[in-house]
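Presented below is the structure to which this report refers.
Derivation of every value follows stated rules applied to the coordinates shown; laboratory data play no part. Only a predicted model underlies this, so the values are computations on that prediction, with no experimental measurement involved. All Cβ positions, glycine included, derive from the backbone under ideal geometry; neighbour counts span all protein chains shown.
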Amino acid sequence: MRFDSHLFESWLRPANMGLEDDARDYHREDPSGKLEISTTKPTNTQRDLSLAYSPGVAAPCRDIAEDSTRGYEYTAKGNLVAVVSNGSAVLGLGDIGAQASKPVMEGKGVLFKRFADIDVFDLELDLADPTDIINSVSAMEPTFGGINLEDIKAPECFEIESQLREEMDIPVFHDDQHGTAIISGAALLNAADVVDKDLSELNIVFSGAGASAISTARFYLSLGAKKENIIMCDSSGVISSDRESLNRYKSEFAADVPAETLAEAMEGADVFVGLSVGGIVSEEMIASMAADPIVFAMANPDPEIGYVEAKNARDDTVVMATGRSDYPNQVNNVLGFPFIFRGALDVRATEINETMKRAAAEALADLARQDVPDAVVKAYGEQPLQFGPEYLIPKPVDPRVLFEVAPAVAQAAIESGCARRDIDTDIYEEQLEARLGKSREMMRVVLNKAKSNPKRVALAEGHDEKIIRAAYQMHEQGIAQPILVGDKSEIVATASELGLEFGPEIVDPSDETWDHYTDRLYELRRRKGVTRNEAEELISGNSNYFASVMVEQGDADAMLTGLTHHYPSALRPPLQVIGTAPEADYAAGVYLLTFKNQVVFAADTTVNLAPEADVLAEITKHTASLARRFNIEPRAAMLSYSNFGSVENDGTKRLQDAVTSLHDDPAVDFPVDGEMQADTAVIEDILTETYDFSDLDEPANVLVFPNLEAGNIGYKLLQRLGGAEAIGPMLVGMDKPVHVLQRGDEVKDIVNLAGVAVVDAQND
């Protein structure tokens, strides 16, 4: 079968003729460059400065002098990596010198920070002699937690890395050597599985014999390939054992084979690994390879053979990877070095060894077999991303890489004996979550609670692909026991198409008579105009009513719906069937909004149009209880355009009455005040100086809006313009846990709300 290039047109991007000019403008825009130094501690007062520098700084200095390991405790060393280059082998540019390489090294620093929250100093050394580079870098060991060598030409790079690893007691990693090896190694593990071949039996041909190729060949041996099955070619052809003047690095892979040219070497080969130059492999050469060949054409910017050309060369499966982002299976080093260093730094490893590199490759390979988050799919043009020939390794923007690779590397460091501190895996994952933002940190608290006692969650829209994927993740992560409500045959078929290997619990309203559900719905709604026949139709034909009765009857502990319905129509069945809690008359929708160092709960944003004082008081209590499920002690503010009676009208009086009611309620054990303006509620100086009589001595974290318009507008402005991440809406005040999704929610949102629902059910 010929490869249809039209299927992959969306991978291709139109050429940007102004790219170079855009890049110049990007780099020179004030402030110049891509990195800056910022402070991590307060520096606002004289005392702050005396702690940061003289005289206070003397105390940690004395402690470090007594015990050098305390440098990790008192300084930035433990999160600081040096990106070191002399600019002698810059990708695509060659030997451009130290100064000219600085934009590249700054870019490397950007990737470290963006993907793994690691700080970087880029060091461009105007040195050519390896000994000089070794001496310079070695002398800087007190400053850094790790060294990333970059764009240093071969064979000098081998000597530099080897010597620095011996002399230094911190990780030294030459990414040009090992990065490609690790990422392509992960791809090779999965590619061999896809074509059903054993790694130890693969005949592998390399085009290229530089630092990257030699290190990649070494790493493949570490993964299980056999040296006798590897042929390496350079610009002169096959590196044979009888060739003269081979350096010791090339001679390591010299082979005694009859082949002399790359084309001859590729005949019958299972794997081609290109780390050379573009356009040197023809379709005929691909056609000469063994059945279902694996082709890693990784030369940049142009691969040894184009993606479409390689696919069209044969009628069987060609498993293809390149270094380009516009085709599937991009071998991109950013999948490796940020996360490898993250794990190494966090256990204070003395090196990055072979065990740690294998752990990284295996973690990446395993991750590619998991369901892919919607945000990642959207980032790549909605192309289907499912394990197979076109998806062997994760995408660089996949946030899960951090949580898979860093812990794997850290654990490998501990097991191999090069770590200087141990970690608790669960706590470590929470710390990694926090590095990606407050919302992930907050959800980790809830999801960990959910895992401690998973509950049954009815998913009313069980036929939907996102819901099925979310159910799979709930099951895999141990967050909940999902129950998919819907057509059984359709659900099973969709799960199979998605490659999800799990047997979910499915309840099909149409596959049998649910008389007891019909009877119960009729009993609840007969005085609301619902006949028994109508109740039967609702049970068999409306999964929201079915799931609502299921929860009300105790056959499920919680319910999620709303992904394919408008919010009011999704909310109506659970309100009619389950209703509000005995102590509640109203339900309300709450969003958790997270900022860099702050969390607020916004209520009501989805349900009550113009709540009276008693409703506002009730909403406040419900939201305070929700905050405590996230381990947040609530401080509530009734928001208005007025501050503590500065404006008197019916609207402000409602808020004042709500506050009075809450103050008089002995069950309210959290501070609440108002009415107050939004800035008064969240700015400490205004609260403590202008309104020092307020019951709030710290900024509010529960913001109660005066009506639905204000609530919905407010949370969306905070999200879109204020940069807040939003979790929700979470429905509070129901008799049983029910949450109504927003249309268009992603799988992660569904899983997160399921976690909230489980914690709700645990508290029932």
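Loop-located chymotrypsin sites (Phe, Trp or Tyr not before Pro) in region 184-263 (DSSP state not H, G, I, E or B) with no more than 11 neighbouring Cβ atoms inside 10 Å do not occur. 3J(HN,Hα) couplings calculated from phi for region 652-667 with the Karplus curve 6.51 cos²θ - 1.76 cosθ + 1.60 (θ = phi - 60°) are, in sequence order, 6, 5, 4, 5, 4, 5, 5, 5, 4, 4, 5, 5, 7, 8, x, 7 Hz; Gly and Pro show x. Spin-label pair T43-A23: with each label point 7 Å from Cα along the Cα-Cβ axis, the two points sit 3.3 nm from one another.
Cα centroids of region 463-525 and region 307-338: 37 Å apart. Hey, if you put +1 on the Cβ of every Lys and Arg and -1 on every Asp and Glu Cβ in region 448-577, which of A450, N544, I491 ends up farthest toward the positive end of that dipole? Towards the positive end, the residue furthest out is A450. Working note: 222 nm ellipticity from helices only, DSSP H runs with n ≥ 4, each -39,500 (n - 2.57), summed and divided by the residues of the chain, gives -13000 deg cm²/dmol to the nearest 500. Would you kindly state the longest site-free stretch of the chain, with sites defined as trypsin sites (Lys or Arg not before Pro) in a DSSP loop (not H, G, I, E, B) surrounded by at most 13 other Cβ atoms within 10 Å? The answer is 3-419. Residues whose amide H lies under 5 Å from that of E390, counting only those 5 or more places away or on a different chain, are absent; hydrogens are built 1.01 Å from N in the peptide plane. Relative to the longest principal axis of the Cα atoms of the chain, the long axis of helix 175-194 makes an angle of roughly 70 degrees.
Taking Cα atoms only, the orientation of helix 543-552 departs from the longest principal axis of the chain by about 70 degrees. The relative contact order of the chain comes to 9 percent, based on Cα pairs under 8 Å that sit 6 or more residues apart. Restricting the chymotrypsin sites (Phe, Trp or Tyr not before Pro) of region 24-111 to loop positions (DSSP other than H, G, I, E, B) with no more than 15 neighbouring Cβ atoms within 10 Å leaves Y53.
Dividing the C-alpha radius of gyration of the chain by 2.2 N^0.38 Å, with N its residue count, gives 1.11. Put simply, the amide H of L149, placed in the peptide plane, has neighbours under 5 Å in V84, F173, H174, D175, leaving out anything fewer than 5 places away on its chain. About the centre of its Cα atoms, region 588-733 shows a dipole size close to 760 debye [charges on the beta carbon of Lys, Arg (+1) and Asp, Glu (-1) only; nearest 20 debye].
Taking other residues whose beta carbon is less than 12 angstrom from the beta carbon of V682, and scoring Lys, Arg as +1 and Asp, Glu as -1, yields -3. Between the listed residues P706, V672, T690, the Cα displaced farthest toward the positive end of the dipole of region 622-707, a dipole computed from Cβ unit charges relative to the Cα centre, is found at P706. Stretching F502 away from D95 to a fully extended chain increases their span by 141.2 nm, per 0.36 nm per residue minus the current alpha-carbon distance. Amide hydrogen proximity for V238: with H placed 1.01 Å from N in the peptide plane, the residues at 5 or more positions away or on another chain lying under 5 Å are T261, L262. Loop only by DSSP, 14 or fewer other Cβ within 10 Å of the Cβ. Give me the chymotrypsin sites (Phe, Trp or Tyr not before Pro) in region 601-689 that pass, ordered by residue number. Qualifying residues, ordered by number: Y641. Karplus-based coupling profile of region 526-534, in residue order and whole Hz: 5, 8, 10, x, 9, 7, 5, 4, 5, with θ = phi - 60° in 6.51 cos²θ - 1.76 cosθ + 1.60 and x standing for Gly or Pro. Taking Cα centre as origin and charging only the Cβ of basic (Lys, Arg, +1) and acidic (Asp, Glu, -1) residues, the dipole magnitude of region 448-577 rounds to 760 debye.
Summing charges over all other residues whose Cβ lies under 14 Å from the Cβ of L718, with Lys and Arg as +1 and Asp and Glu as -1, gives +2. Relative to the longest principal axis of the Cα atoms of the chain, the long axis of helix 211-223 lies at roughly 70 degrees. For region 286-301, backbone phi angles converted through the Karplus equation (6.51, -1.76, 1.60; θ = phi - 60°) give residue-by-residue couplings of 5, 5, 7, 6, 5, 4, 6, x, 9, 10, 9, 9, 10, 5, 10, x Hz, Gly and Pro being listed as x. Computed from point charges on the beta carbon alone (+1 for Lys and Arg, -1 for Asp and Glu), the dipole magnitude for region 166-277 about its Cα centre is near 40 Debye.
Can you tell me the alpha carbon radius of gyration of region 448-577 divided by the globular rule-of-thumb value 2.2 N^0.38 Å?
Normalised Rg, Cα atoms only: 1.06.
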